[in-house]
Amino acid sequence: MKKTLLALAVLITAQAHALVDMKNANYSNTWIDMDVPGTGYDLKIIRTYNSRSLFNGMFGFGWCSDFETSMEINAEGNLKVKECGGGLEVTYSPREVTRKDVENTIAQIINKMKTEKKVGVTEAYINGLKTSLLEDDNARSELAHKYGIVVPVKEGTKFYANGKEVENITFNKTYYTRTLADGSNQRFSPQGKLTHIYDKNGNYLKFEYDKDVVAKVEDNAGRRLNFKYYQNKKVKSITGPNGLNVDYKFANLDDLSSVKNAWQKTYTYEYDDLHNLTKASWPDKTFISIKYDKQKDWVTAFADRDKCVESYKYEFSQNDPNNHYWSSVKKVCGKEVVADNKYEFWHQQRPDGQYFLQRVMTTVNGNVTDIS
């Protein structure tokens, strides 16, 4: 019950102030470029921007989509699903991973590294690397892959996600099947590419690739989305049923600058030199604007389409700044202060080295809620 309440608290936190997450100091928003209803799955093109994402996919830097959901095997033989290509990461394990398992992987990496006898690999460097690899499973997996440290997966192995016992992934020799709580499932290739999505009634979407990019998405009724790309693998256009079409343009190769959607409405986007979205404009000439602390990659101000302005401040505990911090937001519309809130967060480390959100305390219009 506490896990459910804490998750709800974080969700409310994310929605209590425009589209800026007070826990991560990032701006995110979603646009729909095409929506074709059907008896099974709707054919939709949905893209999401996250100002703190380093993902650089088909829609450009900071943007992701469900077409880019992927899976990978990490250093301890677990499976990690990356929603939206660069969004939420969920790890599935056939058993609980202990700190000993993680330390064993790190020891193998260090031993392989020492045999290379590279300049600069000192004891001080190694000690620092051990600490960082304990906390960063992505870096640990990359180095394990580099040095050929793998845990073989046996056919029929079932993987479970921590806190999501109703979900699982099963390895079926030539593919992985991820079963979700609503009865739907996703199928991934051994290389981690999403190949199918099924609902509980057997309706499906099938994904076809041209090398490493999505070329076609087709449903069980034969309706299709066809993708065309620029030379740098950014999407140029997507065509759908009944002559529907979406066109995409980019600035500086990686920054999505203009989208003419299936309803012939054009949206434009502007960025700073670090790919941070600074302005998004709607067809009715309204727009939102965002300001950043570019050194720390934090959103510091947000102006919505009604010209209300939100200002953000981030502070940290002196004793444990990495795991205990708080943020505040003040929203002003015209000359009126309509919100002045505070959000405080505590994290703890699990035995496998990863951190989780342990407590959230919010102060909204003077009302305090404390959930752990």
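Where a number appears in this text, it was derived from the coordinates with a stated rule and is not lab data. Here the structure is a predicted model, which means the values were calculated and not measured. FYI the Cβ positions are ideal-geometry reconstructions off the backbone, even for glycines, and counts take in every protein chain you see.
Within segment 283-372, the proportion of Cα pairs with more than 19 Å between them is 55 percent. As a calculated quantity, the FRET efficiency between Ile371 and Lys100 at R0 = 35 Å, using C-beta atoms, amounts to about 0.65.
Spatial offset of segment 39-94 relative to segment 157-204 amounts to 14 Å, using the alpha carbon center of each. The percentage of C-alpha pairs in segment 95-146 whose separation is greater than 15 Å is 45%. With the simple model of a label 7 Å out from the Cα in the direction of the Cβ, Gln295 to Lys307 spans 3.3 nm. Relative intensity of segment 211-263 on a log10 scale, I(q)/I(0) at q = 0.14, 0.16, 0.25 Å⁻¹, equals -0.40, -0.51, -1.00, per a Debye sum over C-alpha point scatterers of equal strength in the absence of solvent. Using the Cβ-Cβ distance between Lys265 and Lys228 with R0 set to 25 Å, the FRET efficiency works out to roughly 0.80.
For the pair Asn29 and Val121 in one chain, pulling the backbone fully straight at 0.36 nm per residue adds 28.9 nm over the alpha carbon distance. With only the Cα atoms considered, segment 236-347 has a convex hull volume of 157 Å³ per residue.
A simple packing score, the average count of other Cβ atoms within 10 Å per residue, orders the peptides 177-184, 287-294 as 287-294, 177-184, with the highest score first. Over the residues of the chain, the helix contribution to mean residue ellipticity at 222 nm works out to -4500 deg cm²/dmol, using -39500 (n - 2.57) for each DSSP H run of at least 4. Length gained on full extension, Phe316 to Gln358, computed as 0.36 nm times the residue gap minus the Cα-Cα distance: 13.5 nm. With the cut-off at 25 Å, tell me which of the pairs Lys80/Lys154; Lys114/Lys296; Lys82/Lys206; Lys193/Lys216 have Cα atoms farther apart than that. Listed pairs above 25 Å: Lys114/Lys296. What is the percent of Cα-Cα separations in the chain that go past 37 Å? Of all Cα-Cα distances in the chain, 29 percent exceed 37 Å.
Close amide-amide hydrogen proximity is noted between His275 and no other residue 5 or more places distant or on a separate chain, at a cut-off under 5 Å (H modeled in the peptide plane; Pro and chain starts excluded).
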